[in-house]
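Here's the structure we're looking at; comments come further down.
What follows draws every value from the coordinates through simple rules; no lab data is involved. Predicted model only: the values in this text are computed from it and were never measured. Neighbour counts are summed over all protein chains in view; Cβ atoms, including those assigned to glycine, are modelled from backbone coordinates with ideal geometry.
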Amino acid sequence: MAEIQFIVHKELCIGSDKCGGICARICPPDIIAYVEENGKQVPCVNDIELCMKDHGCQNNCPVKAITILPPQEGGRNF
Ligand code: SF4
């Protein structure tokens, strides 16, 4: 089984101050935290082994700044 990867496209992410921190709020195991980077609060994950692979962060980010690999069955859902 492939290792799960949480990939943030930092240039796309508008920061949790602007989007309301949707990716962290939607995460069932609550493993997304924000770190300041270039004036934006961008998401990072510490305990990736707790990821439930529901792809909620990826599918609900308003600017599509998150990619979770391996992809969701049936392709990307947005
Ligand atoms: S990745 Fe998307 S949902 Fe998460 S902080 Fe950035 S813009 Fe908001």
Among strands (runs of 3 or more DSSP E) entirely inside the chain, those with 2 or more residues being more than 10 Å from the chain's Cα centre (by Cα) and without any contact (Cβ under 8 Å) to a residue 12 or more places away in the chain are 32-37
Per the list (1) more than 7 Å from the ligand (Cβ to nearest atom); (2) surrounded by fewer than 18 Cβ atoms within 10 Å (Cβ to Cβ), residue check on residue 45 breaks on (2)
Residue 12 passes all but one of the listed conditions (1) of a type outside the set (S, T, N, Q); (2) at positive phi; (3) surrounded by fewer than 17 Cβ atoms within 10 Å (Cβ to Cβ); the exception is number (2)
Selection from the stretch 56-71 of residues exposed (fewer than 14 other Cβ atoms within 10 Å of the Cβ) and either over 13 Å from residue 19 (Cα atoms) or among the basic types (Lys, Arg) (or both) yields 69, 70, 71
Of the residues in the stretch 15-32, those that are surrounded by 14 or more Cβ atoms within 10 Å (Cβ to Cβ) and over 20 Å from residue 70 (Cα atoms) number 6
